[in-house]
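Following: one structure in structure tokens, then a few remarks.
The values are calculated or read from the model by the stated rules, or taken from the named source; none is laboratory data. These numbers come from a predicted model, not from an experiment. Positions of Cβ are generated from backbone atoms using ideal geometry, with glycine treated the same way; all protein chains shown enter the neighbour counts. When the accessible area is computed, the model is the full protein with side chains, heavy atoms only, and any ligands, DNA or RNA have been set aside. Shrake-Rupley method; radii C 1.70, N 1.55, O 1.52, S 1.80 Å.
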Amino acid sequence: KSLNDEVGQAKGLNHFGVVALQQGRHRNAKAYLQKSLSVSQAIDDKKNMAASLLSLGSIAEIEKNYPVAETYFKQSLSLNREIKNEQDIFYCLFHLSILAGQYYKDFKTSFAYDLQALEVSQKIGFQRAIAQAHTSLGINYGAVGNYALAQEHLEQSLSIRQRVGLAV
């Protein structure tokens, strides 16, 4: 096999995994993504490794296996930082914020992830992500009783969503 064949195989497996995940077929998705990860690791394809890990983290989060989800998201975050994939850096930070705030009730950590996510999304001008980061900050501020800041961030999110035509 050539390296191109293996890169294509890893990408194809990843795509099958994402589609299965979107269809709610978590067992199938996990199998495709684990195989994609394995092939990607064998050929040192960091971009596909990071993508597979991010999706595996999403599955673990859906399955309420939060420690495993956190491990996958942190591994994906590290790889995405290494290859400078800013959009997926945002998604890793966003998921880590959700785990920290909603599931572990560690709002200090959740805020730190949210602020990093907001910074990354603003840096690349990713409007949907900026709105999501403001929503997450609003939810977290509300959870700790800072309703003024919660309202401020939720209003910023709503404003962005309306401006760029996102569902509210």
Just name the residue that is most open to solvent (accessible area, probe 1.4 Å) out of those in the range 123-167 that are touching a residue at least 12 places away in the same chain (Cβ under 8 Å) and among the polar types (S, T, N, Q). Gln151
Which residue is farthest from Ile59 (Cα to Cα), if the candidates are limited to the range 1-27 and must be open to solvent by 70 Å² or more (accessible area, probe 1.4 Å) and touching a residue at least 12 places away in the same chain (Cβ under 8 Å)? Leu3
Under 6 Å by Cβ, and 6 or more places apart or on different chains, what pairs join a residue from the range 71-93 that is small (Gly, Ala, Ser) with one that is assigned to a helix (DSSP H, G or I)? Ser76/Ala50; Ser76/Leu53; Ser76/Leu54; Ser76/Cys92
Could you list, in sequence order, all residues of the range 55-64 that are within 11 Å of Lys30 (Cβ to Cβ) and either among the acidic types (Asp, Glu) or surrounded by fewer than 19 Cβ atoms within 10 Å (Cβ to Cβ) (or both)? Ile62, Glu63
Give the range 1-53 a look and list any residue that's more than 20 Å from Lys84 (Cβ to Cβ), of a type in the set (Ser, Thr, Tyr) and in contact with a Leu (Cβ under 6 Å, 6 or more places away or on another chain), or say none. Tyr32, Ser36
Of the residues Tyr113, Tyr104, which single one is without any contact (Cβ under 8 Å) to a residue 60 or more places away in the chain, open to solvent by 80 Å² or more (accessible area, probe 1.4 Å) and closer than 25 Å to Asn146 by Cα? Tyr104
